[in-house]
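One structure is given below, encoded as structure tokens.
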Amino acid sequence: MIEIVKNKEVAQENVICDDLEQFKTDIENGLQENPKTIPSMYFYDKKGDALFQEIMNLPEYYLTRSELDIFKNKTDQLIKAMDLQADSYFELIELGAGDGLKTKELLKSLDTNNFKFDYFPIDISSNALDLLEKDLNEVLPNVSVKTKQGDYFKVLDALKMSKKPKIILFLGSNIGNMTDDLASAFISKLGANLAPGDKLLLGVDLIKSKDIVLPAYDDSKGVTAAFNINVLERINTQLDANFDLSQFKHSPEYNEKEGIAISFIESKSDQTVAVKAIGKSFHFEKGEKIQTEVSRKYNDVLISKIILNTDFKLDTKIMDNKAYFADYILTRY
Ligand code: AVI
């Protein structure tokens, strides 16, 4: 059994964080723990964003392609499951929209069929939002795009005022980077910002065999390894630390029975690293592992458990043609 370590004082639910004081606190707490942890939200600096973009195009990383298959080939089913009507207005809100690759397929279909809606992509990166807006204005000039930069819940709180029917998209199995408890709390919080009848479309990776999942987190080109180790480089740069990157290696695991992939960074030698901004040093034994990311995989039972104490009920499940990935449509009651 892989033991998942919960980082106790992480800023919030796996949302990208650029607050230096919070970064210091999270790194100090995580490296003092036994076993050591670093929250995965710190992967995403400029270099990390670019590496993640590269990961999504890797042959081994099936997640993005699988969900794109759903959005491309099962668009009518998605629209029906979300109970969208061409003649009544709704707000389509996407958490962590990124480049909007998958959503664009849905938007195309909604546009062709004259649905009345505004699309609100929310992202922490204003650069990503600017690029997305420009792209959508070119390819889908009739779609109303209202970009929102910042924290998901602050934006949702502001959008709550409108009282219009809402559909939230949370794609890419981003929920999988949270522990199940955090995922439940996150979905509850979404529910608190919605009204009865509103929908949540939750894209999740499904539990499957190790020979498919593990390579997605241990690709042959070493892009995922670079993505994982980059967090140490970020600590070196932003917190004035002296991690010797050649003395650490990417070490992913996947427990097929539980459906949990975990990324670790493993120390190749006995060594001590100073983090000047924190004023502390941390010792690593040869073979010691720092847990950096949990990537949970799901099935119907797990999803039902996670939403058990939330205000959502499960409506529909739509899978890609290989049944690797699912988009669950949940209704707020
Ligand atoms: C963003 N998230 C859903 C990715 C995942 O699959 O857990 C992050 C990732 N980590 C390594 N590869 C991709």
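The values are calculated or read from the model by the stated rules, or taken from the named source; none is laboratory data. Bear in mind that the values here come from a model prediction, so they are computed numbers and not experimental data. Quick reminder, even Gly has a Cβ in these numbers, built from the backbone with ideal geometry, and neighbours come from all protein chains shown. These accessible areas exclude ligands, DNA and RNA; they are computed on the full protein's heavy atoms, side chains included. Shrake-Rupley method; radii C 1.70, N 1.55, O 1.52, S 1.80 Å.
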For the subset of region 131-158 comprising residues that are under 18 Å from residue 107 (Cβ atoms) and aliphatic (A, V, I, L, M), which member is modelled with the lowest pLDDT?
131
Need at least 2 residues that are open to solvent by 70 Å² or more (accessible area, probe 1.4 Å), outside the structural domain of residue 46 (by TED's automatic domain parsing) and within 15 Å of the ligand (Cβ to nearest atom) per element, so show me which strands (runs of 3 or more DSSP E) inside region 238-278 make the cut, counting only ones lying wholly within it.
none
Yes/no for residue 130 being among the acidic types (Asp, Glu), over 23 Å from residue 52 (Cβ atoms) and loosely packed, with under 14 Cβ neighbours inside 10 Å:
no
Could you look through region 133-150, keep only residues that are hydrophobic (A, V, I, L, M, F, W, C) and more than 17 Å from residue 162 (Cβ to Cβ), and pick out the one that is most open to solvent (accessible area, probe 1.4 Å)?
139
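Condition check: farther than 30 Å from residue 73 by Cβ and touching a residue at least 40 places away in the same chain (Cβ under 8 Å). Does residue 311 satisfy that?
Against the criterion (farther than 30 Å from residue 73 by Cβ and touching a residue at least 40 places away in the same chain (Cβ under 8 Å)), residue 311 qualifies.
Does residue 75 qualify as being touching a residue at least 40 places away in the same chain (Cβ under 8 Å), open to solvent by less than 70 Å² (accessible area, probe 1.4 Å) and not hydrophobic (A, V, I, L, M, F, W, C)?
For residue 75, the condition - touching a residue at least 40 places away in the same chain (Cβ under 8 Å), open to solvent by less than 70 Å² (accessible area, probe 1.4 Å) and not hydrophobic (A, V, I, L, M, F, W, C) - is not met.
Rundown of residues vs (1) among the basic types (Lys, Arg); (2) more than 19 Å from residue 223 (Cβ to Cβ); (3) within 18 Å of the chain's Cα centre (by Cα), yes/no style:
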{"position": "57", "(1), (2), (3)": "no, no, yes"}
{"position": "66", "(1), (2), (3)": "no, no, yes"}
{"position": "78", "(1), (2), (3)": "no, yes, no"}
{"position": "81", "(1), (2), (3)": "no, yes, no"}
{"position": "84", "(1), (2), (3)": "no, yes, no"}
{"position": "91", "(1), (2), (3)": "no, yes, no"}
{"position": "100", "(1), (2), (3)": "no, yes, yes"}
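Considering only residues of region 34-45 that are part of a loop (DSSP other than H, G, I, E, B) and either in contact with a Pro (Cβ under 8 Å, 6 or more places away or on another chain) or not β-branched (Val, Ile, Thr) (or both), which is farthest from residue 99 (Cα to Cα)?
Out of the qualifying residues, it is 34.
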Can you tell me which residue within region 197-221, out of those that are small (Gly, Ala, Ser) and either surrounded by fewer than 19 Cβ atoms within 10 Å (Cβ to Cβ) or assigned by TED's automatic domain parsing to the domain that holds residue 263 (or both), is farthest from the ligand (Cβ to nearest atom)?
197
2 or more residues among the polar types (S, T, N, Q): qualifying helices (runs of 4 or more DSSP H) within region 46-87
62-73, 75-81
Got at least one residue in region 143-156 being of a type in the set (Ser, Thr, Tyr) and under 23 Å from residue 65 (Cα atoms)?
no
Taking the stated definitions as given, is residue 58 within 30 Å of residue 284 (Cα to Cα) and at pLDDT 95 or above?
no
Is one or more of the residues making up region 11-28 modelled with pLDDT of 90 or more, touching a strand residue (DSSP E or B) at 6+ places or on another chain (Cβ under 8 Å) and within 30 Å of residue 256 (Cα to Cα)?
yes
Which one of these is within 15 Å of residue 201 (Cα to Cα) and within 16 Å of the ligand (Cβ to nearest atom): 97, 50, 128, 81?
97
